[in-house]
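To start, the structure itself, in structure tokens.
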Amino acid sequence: MRRSRFPRHAAVAVALVLATTACGGGADREVSQEGKGGYPWKATDEICNVLPYGELADPLGAREEAADRIKRSGGGAPGVQCVQPLAESGPAKYGNVKVELDLAYTESVDFAQDVFARNRENTRTTSPDSVLVDVEGVGREAYRFAFNKPDDRRQVRELRLRDSNLMIDITVTAEARSLPTPESLKAFDASVEDFAKGCLEALRA
């Protein structure tokens, strides 16, 4: 079973944000980075199905079916996890692809910064063999790491990001058709980063 990404003991309000800008209206909108932040809670189960999975099509494959939504609660607030399989397509270099997301927002930007920093430090402690890499241009702060060696066919890559009061944890599991190369893994990571940026645009209210 996949472990929880955000500590239960922290009073984190885990929530789902309605993608009112799914048609692109939020792409240029500035999100408040102060106070309560710019990602309000709006209850809907459809958020998992409006995220831009097409950003992953090359090299990971096309969207296969509607995403599974798993409601959960943290600190007494509603929340969601998204699980989306991808089907192999012509240019895809990977199979058995699964995209998992945890979306969470806190009551304030300051609290999100604190939780994100503590989670990062915990990751260094609990995953000492994983190299954490800072990722520029994805939200206000982001980093990625892998649970496996670069030359493994099975790749489990994770990207964690924070923008304003919103935190997203994206985990992609995939099996390479041939042994990965530094170039193919770079393309893999770039597609996940593009997906993350697209998610933030879709989630802006």
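The values are calculated or read from the model by the stated rules, or taken from the named source; none is laboratory data. Given the structure is predicted, the values throughout are model-derived calculations rather than measurements. Virtual Cβ from ideal backbone geometry, glycine too; neighbours counted across all protein chains shown. Each accessible area value is taken on the protein alone, full model and side chains, heavy atoms only, with ligands, DNA and RNA left out. Shrake-Rupley method; radii C 1.70, N 1.55, O 1.52, S 1.80 Å.
Some observations on this one:
- Amide H within-cut-off set for residue 37, under 5 Å, with H built and near neighbours excluded: 109
- Alpha-carbon Rg/Rh ratio, for the range 147-205, with Rh computed the Kirkwood way: 1.05
- Cβ-derived FRET efficiency at R0 41 Å, residue 46 paired with residue 179, nearest 0.05: 0.60
- Length gained when the stretch residue 30-residue 131 is fully extended (0.36 nm per residue, less Cα-Cα span): 33.2 nm
- Accessible area of residue 201 (1.4 Å probe, protein heavy atoms only, ligands and nucleic acids ignored): about 80 Å².
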